[in-house]
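Inspection log for the structure reproduced underneath, given as structure tokens.
The values are calculated or read from the model by the stated rules, or taken from the named source; none is laboratory data. None of these values were measured; they are calculated from a predicted model. Every residue, glycine as well, gets a Cβ built from its backbone with ideal geometry; the counts of neighbours run over all protein chains shown.
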Amino acid sequence: KAGVTQTPRYLIKTRGQQVTLSCSPISGHRSVSWYQQTPGQGLQFLFEYFSETQRNKGNFPGRFSGRQFSNSRSEMNVSTLELGDSALYLCASSLESSGNTIYFGEGSWLTVV
Amino acid sequence: TQLLEQSPQFLSIQEGENLTVYCNSSSVFSSLQWYRQEPGEGPVLLVTVVTGGEVKKLKRLTFQFGDARKDSSLHITAAQPGDTGLYLCAGPSPDQAGTALIFGKGTTLSVSS
């Protein structure tokens, strides 16, 4: 079956702009989580959505937000981009919200200039 | 402070050599996972260890969970160029429910032929 699909794969934005990233989970998976990966900080948890509700949120400013749709697809948004937001943003899906393996997509590479 | 400390950070070896990668914490984890991430892709789960003292083998890879469930190791026998990648350990976030994971910063392994 198809894996986790993230779009776009690569994008370049200017400081101050906002960006929306999209994630389609594996069919049947209801939990979607987002991670930020940078060389300095590694992989850090952003937030998790389950049944259209945000279940958990990591230690990131309010500029980072997300949502989940009824078909389990998810989007994350970063407003007022800063240079430090340049990173690989990874989406992962799992069947339920606990106790299941999570499967990562290939990520969206964001460069802020 | 990084909750999961991985060592070494970088490892460059010749094909056929053996190596061990470590993941240490001062906290007890109910389980630990190991992922491998190749350039341009998302992390892929290799194994989950859940019982203190547990040893799991995956072909040439041997994973061990410490008796106190505070540390884990990954041993690769007769490394091959295809083993090249970023090896990450991860555990359930102590501050979050659901699927939120915390990751070590990873070990970058390079195997040359």
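Quick notes on this structure:
- Considering only residues in the stretch B:26-77 that are away from every other protein chain (no Cβ under 14 Å), within 27 Å of A:A87 (Cβ to Cβ) and not aromatic (F, W, Y), the one that is surrounded by the most Cβ atoms within 10 Å (Cβ to Cβ) turns out to be B:S72.
Matching residues to (1) more than 26 Å from A:L95 (Cβ to Cβ); (2) under 12 Å from the mean Cα position of the chain (by Cα):
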| residue | (1), (2) |
| --- | --- |
| A:V4 | no, yes |
| A:P8 | yes, yes |
| A:T14 | yes, no |
| A:T20 | no, yes |
| A:S33 | no, yes |
| A:E48 | no, yes |
| A:Q68 | no, yes |
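- One residue alone among B:Q2, B:Q64 is at pLDDT below 95 and not charged (D, E, K, R), and that residue is B:Q2.
- Identity of the residue in the stretch A:42-65, over 28 Å from B:Q6 (Cβ atoms) and in a strand (DSSP E or B), that ends up farthest from the other protein chains (Cβ to nearest Cβ): A:S65
- Listed by position, the strands (runs of 3 or more DSSP E) enclosed by the stretch B:28-113 that each have at least 1 residues that are in contact (Cβ under 8 Å) with a residue 60 or more places away in the chain, at negative phi and not aromatic (F, W, Y) are B:32-37, B:85-92, B:101-103, B:107-112.
- Looking only at residues in the stretch B:12-34 that are aromatic (F, W, Y) and out of contact with any Phe, Trp or Tyr (no Cβ under 7 Å at 6 or more places or on another chain), the one that is modelled with the highest pLDDT is B:Y22.
- Meets criteria (over 30 Å from B:Q9 (Cβ atoms), of a type in the set (V, I, T) and either modelled with pLDDT under 95 or part of a loop (DSSP other than H, G, I, E, B) (or both)) for A:T20: no
- In the stretch B:8-25, residue nearest to B:H75 (Cα to Cα) [restricted to those that are within 14 Å of another protein chain (Cβ to nearest Cβ) and assigned to a strand (DSSP E or B)]: B:C23
- Within the stretch B:60-85, the set of residues being within 11 Å of B:T20 (Cα to Cα) and of a type in the set (G, A, S) comprises B:S72, B:S73, B:A79.
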